[in-house]
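*Asks:* Okay, handing you the structure first.
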Amino acid sequence: MTRKLKALLQAQIALMLEYRAEVFLWALATALPLILMGVWTQAAEGGTFALSPQEMARYFLCVFVVRQLSVVWVIWEFEQDVVQGRLSFKLLRPIDPYWEHLMAHLAERITRFPFTVVLVALFLLIYPPARFVPGWGDLLLGIFTALAAFMLRFLMQYTFALLSFWIERAAAVEEGWFILYLFLSGLIAPLDVFPEAVRQIAFLTPFPYLVYFPASILAGIPVNLVQGFVVLGAWGVVFLALNRWLWRRGLKQFSGMGA
């Protein structure tokens, strides 16, 4: 299994390198947190917020980094595999298609990494208030949490993708889900500025742990680590169980259609 995954990863890295210019454009396309940084930093200077202007700048810079590590698009690929019949050929391989999609995403992360470093360096050169050096503990824990967030995000979207066995536009489910993700993940505003009641509800959902949680750790902003990892793990278990159930049922549905 390890050799198969290594071969898949190497093949996907070679493929991504052929489209490195497109990967660079993908990295630029996730620059929204850097734009919002200016808005929230100015707001923090003129008002009373839980985070100082410097913390706002650090937070949104870390959100940008986390987004680079956690972008997922598997639902659109899987949907096309089912609709166009490509999944039939993939099922003939001695490996679950899940691993092929996961290796593609990891290969894209590896290819994107140099562009991310360059973009962060350029931004810090242009915007000195965002400069800071995270402690080794925060850095390692933040990267680990960001990767865990990516795995949960991938699992969530792959689970929605399995609805393609029954409906032709499974991506519409993800688009509706993305609205909640946009507002509750901390992508457009740190949860520290939300009303307390909203925050308490949000922290029971998976969304804050996809962006806010790892970004806050990287930025050195205090968070409840125990609650964060417990909720993150709990949602991972829920979506993993739902994913495997939908996969088994979906294969029966797919074969029943003559595939």
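*Asks:* Compute the long axis of helix 20-29 from its Cα atoms, compare it with the longest principal axis of the Cα atoms of the chain, and write down the angle in degrees, 0 to 90, nearest 10.
*Replies:* 50
*Asks:* Could I ask something else about it? How big, on average over all directions, is the shadow cast by the Cα convex hull of segment 55-185, in nm²?
*Replies:* Taking the Cα atoms of segment 55-185, their convex hull projects to 9.6 nm² on average.
*Asks:* Let me ask something else about it. Compute the distance in nm between two label points, each set 7 Å from the Cα along the Cα-to-Cβ direction, one at LEU125 and one at LEU139.
*Replies:* 2.1
*Asks:* If I take every Cα pair under 8 Å that is 6 or more residues apart in the chain, average their sequence separation and divide by the length, what percent do I get for the relative contact order?
*Replies:* Computed value for the chain: 26 percent relative contact order.
*Asks:* Related question: Could you give me D for the chain, from Stokes-Einstein at 37 °C and 0.692 mPa s, where the hydrodynamic radius is the Kirkwood radius over C-alpha pairs? Units µm² s⁻¹, please.
*Replies:* 168
*Asks:* A further question follows. If each of ALA14 and ILE201 carries a label point 7 Å out from its Cα toward its Cβ, how far apart are those two points in nm?
*Replies:* In this crude spin-label approximation the distance works out to 5.1 nm.
*Asks:* Here's a follow-up. Report the full-extension gain for the segment GLU77 to THR2: residue separation times 0.36 nm, less the Cα-Cα distance, to one decimal in nm.
*Replies:* My answer for the length gained is 24.6 nm.
*Asks:* Moving on to the next point. Among MET103, SER70, ILE221, whose Cα lies farthest out toward the positive end of the dipole of the chain, if unit charges sit on the beta carbon of Lys, Arg (+1) and Asp, Glu (-1)?
*Replies:* Looking along the dipole axis, the top candidate is MET103.
*Asks:* Find the Cα radius of gyration of segment 171-259, compare it with 2.2 N^0.38 Å by division, and give the number to two decimals.
*Replies:* Compared with the compact-globule rule of thumb, segment 171-259 sits at 1.38.
*Asks:* Something else now. May I ask you to work out the translational diffusion coefficient for segment 1-115 at 25 °C, viscosity 0.890 mPa s, via Stokes-Einstein with Rh from the Kirkwood sum over Cα pairs, reported in whole µm²/s?
*Replies:* In µm²/s, the coefficient rounds to 148.
*Asks:* Once label points are set 7 Å from the Cα along Cα→Cβ at both VAL117 and ASN224, what is their separation, rounded to one decimal in nm?
*Replies:* Each label point is offset 7 Å from its Cα along the Cβ direction, giving 3.8 nm.
*Asks:* Under the 0.36 nm per residue contour assumption, what length would be gained going from the current alpha-carbon distance of PHE178 and THR48 to full extension?
*Replies:* 43.9 nm
Coordinate-derived values only; no laboratory data. The model shown is predicted, which means the values in this text are computed figures rather than measured ones. Methodologically, a virtual Cβ is constructed for each residue, glycine included, from the backbone with ideal geometry; neighbour enumeration extends over all protein chains shown.
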